Amino acid sequence: PDFKVGDWVEVINNYCAFTSYFSFFKENKLEQFANQYAASAPQDGEKYKIIAIGKHSECPDLYGPLYVLGKGDKVYIVNGHTTPMEPALKLAEPPKPEPKFKEGDKVVPISKTVPGWGDKAPNWNIRGGKEQGFLYVRRIDSELTGEHKATVYVCGAPEEDMGGDFYFESDLTTYIETLSPKFKPGDKVKIKSVEEMETIRDAGPVCGGLSSEMFSYAGKVLEIKDGPETRDNLIGYHVKTNGFIWDERFLEPFPINHCPENKIIKDGPTTFIFNGPVTTCIIEFADTKFKGTAKCNPSDKWDEKTGKILAMARALRPLLDAIEKGLRQC
């Protein structure tokens, strides 16, 4: 073979590809790659890694060897030549690995080995890095990277700044955010509007996903059943009455001094209106309406019975005053 497993090659002519040779993997005992078969041609001018070598079962002299090229999650079957004298592949340099960290990433120094800078770490030691637990990646220093043939990062403590300390990639590890749940079992929460939930979903991943069935709960007050549940650095909760996992960003705290659901209750000539922390009582008597209100203190827990008693008492005061005044005029 012109190439060996592990070589990187550039495709010169993708006419050499076998795009429907599904039995190749079994014939060559390479079944582990069968599910990744692209069944298409690789791109001319692109680099691929040779991950296996096999033969055409019917025409080994004409087509063999056949190379399995890998890139990402796909593999391709190609011949090394389009004709006996015309190669379809050529040896290539392996692609340079992408830097592990990018600008703005939060990192934690675990060593400091850049020659000449080993004892210089003011951003970590005296500019707040150690206190906050991480540094921000500013940029890659091209001069030191070229000098040492290894990526050198500039990392600083204040978020809005340009200066920093020098670190090799091996000197750094990714900072893991510590999640702080906002809610606990038993807390009452209000589900945000459909528009708000869709905006959050469209901005990126959400814990537990978002289905159309969840939209019917928008604006409702629910109770946290258990949790938190963390997925991909996101927080979600189970609530009573349904089996969905609710991303924490879909929920907002429901004040303890609010009624769970705004409503109106009529009881003969008396009407009670519950709206947030306010209970209103309206009593109709002799073609006149007498009103009283009661508002739950922010530090008190909502109690419907107490609100009704206070609001009714305050509505009865002007009613009794009116009755007394009428009796005196008789």
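The values are calculated or read from the model by the stated rules, or taken from the named source; none is laboratory data. The structure presented is a predicted model; accordingly, all values stated were derived computationally and were not measured. Glycine also receives a Cβ, built like all others from the backbone with ideal geometry; neighbour counts cover every protein chain displayed.
The residues of the range 76-99 that are in contact (Cβ under 8 Å) with a residue 60 or more places away in the chain and not in a strand (DSSP E or B), listed by number, are GLY80, ALA88, GLU93, PRO94, PRO95, PRO99. Pairs linking a residue in the range 250-262 that is farther than 30 Å from ALA203 by Cβ to a residue that is at pLDDT 90 or above and part of a loop (DSSP other than H, G, I, E, B), with Cβ atoms under 6 Å and 6 or more positions apart or on different chains, are ASN257/PRO277; ASN257/CYS296. Taking the residues in the range 203-236 that are among the charged types (D, E, K, R) and under 11 Å from the mean Cα position of the chain (by Cα) as candidates, determine which candidate is surrounded by the fewest Cβ atoms within 10 Å (Cβ to Cβ). Per the criteria, the residue is ASP232.
The residue that is surrounded by the fewest Cβ atoms within 10 Å (Cβ to Cβ), among those in the range 169-195 that are among the acidic types (Asp, Glu) and more than 30 Å from THR145 (Cα to Cα), is GLU195. Just a yes or no: is a residue in the range 129-143 surrounded by 13 or more Cβ atoms within 10 Å (Cβ to Cβ), of a type in the set (Val, Ile, Thr), touching a helix residue (DSSP H, G or I) at 6+ places or on another chain (Cβ under 6 Å) and outside any helix (DSSP H, G or I)? Within the range 129-143, not a single residue is surrounded by 13 or more Cβ atoms within 10 Å (Cβ to Cβ), of a type in the set (Val, Ile, Thr), touching a helix residue (DSSP H, G or I) at 6+ places or on another chain (Cβ under 6 Å) and outside any helix (DSSP H, G or I). Scanning the range 105-117 for residues that are loosely packed, with under 13 Cβ neighbours inside 10 Å and either of a type in the set (Asp, Glu) or farther than 16 Å from GLU169 by Cβ (or both) yields a single hit, GLY116. Of the residues in the range 285-298, not one is on the phi > 0 side of the Ramachandran plot and either surrounded by 15 or more Cβ atoms within 10 Å (Cβ to Cβ) or under 38 Å from the mean Cα position of the chain (by Cα) (or both). The sole residue among SER111, SER57, SER40 that is under 30 Å from GLY133 (Cα atoms) and among the hydroxyl-bearing types (Ser, Thr, Tyr) is SER111. Hey, among GLY80, GLY64, which residue is surrounded by 17 or more Cβ atoms within 10 Å (Cβ to Cβ) and more than 39 Å from the chain's Cα centre (by Cα)? Just a single option satisfies the conditions, and that option is GLY80. Once the range 149-163 is narrowed to residues that are exposed (fewer than 15 other Cβ atoms within 10 Å of the Cβ) and not acidic (Asp, Glu), the residue that is nearest to LYS100 (Cα to Cα) is ALA150.
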